[in-house]
1. Give me the percent relative contact order of the range C:51-126, please, defined on Cα pairs under 8 angstrom at least 6 residues apart.
2. Hand me the tally of lysine pairs in chain C: alpha carbons under 29 angstrom apart, and the pair either on different chains or 8 or more positions apart.
3. Any chance you could give the angle, 0 to 90 degrees and rounded to 10, that helix C:85-95 forms with the longest Cα principal axis of chain C?
4. Calculate the dipole size of chain C relative to its Cα centre from +1 charges on Lys and Arg beta carbons and -1 charges on Asp and Glu beta carbons; express the result in debye to the nearest 20.
5. Dimensions of the range B:34-73 along principal axes (Cα, Å, largest first)?
6. Over all alpha-carbon pairs of the protein assembly as shown, lay out the pair-distance distribution in 10 Å bins, whole %, shortest bin first.
7. What spacing in nm lies between the two simple spin-label points modelled at A:A53 and C:N72, each 7 Å away from Cα in the Cβ direction?
8. How many Cβ atoms of partner chains, on average, are near each residue of B:129-136 if near means within 10 Å of its Cβ?
Amino acid sequence: MVRHYSISVGPFPRGFHIITKLITDTVATWPDSGMLHAFIRHTSAGLCINENADSSVLDDFKLFFEKLAPENLPGITHDMEGPDDMPAHIKSTLTGTTVSIPIVNQKLGLGTWQGIYLCEFRTGGRKREIIISIVD
Amino acid sequence: MVRHYSISVGPFPRGFHIITKLITDTVATWPDSGMLHAFIRHTSAGLCINENADSSVLDDFKLFFEKLAPENLPGITHDMEGPDDMPAHIKSTLTGTTVSIPIVNQKLGLGTWQGIYLCEFRTGGRKREIIISIVD
Amino acid sequence: MVRHYSISVGPFPRGFHIITKLITDTVATWPDSGMLHAFIRHTSAGLCINENADSSVLDDFKLFFEKLAPENLPGITHDMEGPDDMPAHIKSTLTGTTVSIPIVNQKLGLGTWQGIYLCEFRTGGRKREIIISIVD
């Protein structure tokens, strides 16, 4: 069986944000054993899993991705929505739009240092919709 | 329950291609609630989710990935199949080989602007096999 | 139904390693039809799917990722655990932490040339925990 929960989160400033608790608080009923999939319904934001303890990691992620896919990259033509739009699409494909995590004993099977990141790649906040799916 | 559908698509020219309809047309029966996983059975092509409206996005993706993992990268040794082979492997890991999308009310829960991309990273087309799995 | 298997693998040297057999040998019972998800419980190692035949591909992957996210990147501040730590976090998000593969006729539906990679991004080995989930 698959149950879904839809949430609308943010707006978040451009950068990486830990949303593990936003996700887990949304799930009303946890199966003993299952899978959680979280899917972001956008093309200029992403979801991924990384370090949950030190906020400098979030800053460094932002720095790295800004350098990897900078604004005004030579040759880029899709700029109708501004110079941060196409880099945002690129970054969202690099981080991904879904995270899939086992549910073990009614809890997420994340490692000690793992958290779920929402990666906001646009400047100028909007709310972001996430569908959380519980498979059991 | 998990049902699979196998499809063979393409060949596609090197670049990014929207295949949402190829995927959805293949699924004979949609559950009210479930998950769709699409898995590409290749190591020089990928699947990801991104913008479905403006073809310039597809061109910009191609441009970005060609620059990120160019042919004839210094130090690369795996070139038996030509200079586009190892960059294709790298790109397929960066985009991913699986997309996982919730099924809500018998339809994919994609956002308004989201489509499924097949990313063809080789020059010289071949057909590509995709397994579509419906979990309900 | 979802069944999980937990395994502890390695330590592996920094680089890319094929662990398909480690994964498949762990699964005691294969459903006729299902999904396998493998999830690594760490933030400085990753899982992905790529070429299983030529070890030069593994070396080239290592080379590419070292160049893409080198140590001592200007501006990086998270270096408490050494210069290889933050690049390891970045690389693990680029490769991903979960692989999702269809199970068809009691076997993984991998293509002929596909294998599961464990990507070890730290210098100095530790064991790595993976949760394998079988959905049927």
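What follows is calculated from the coordinates using simple rules that are stated; it is not laboratory data. Predicted, not measured: the structure shown is a model, and the values here were computed from it. Note: ideal-geometry Cβ built from the backbone for every residue, glycine included; neighbour counts use all protein chains shown.
1. Working: 42 pairs, mean separation 26.9, N = 76.
In percent, rounded to a whole number, it is 35.
2. Total qualifying Lys-Lys pairs in chain C comes to 10.
3. The angle comes out at about 40 degrees.
4. Details: 12 positive and 15 negative charges, 62 e Å.
Approximately 300 debye in magnitude.
5. Principal extents (Cα only, largest first): 42, 27, 11 Å.
6. All Cα pairs, binned at 10 Å, distribute as 5, 24, 37, 27, 7, 0 percent.
7. Modelled inter-label distance: 2.6 nm.
8. Values: counts 2, 0, 6, 1, 10, 0, 12, 3.
Taking the mean over all residues of the peptide, I get 4.
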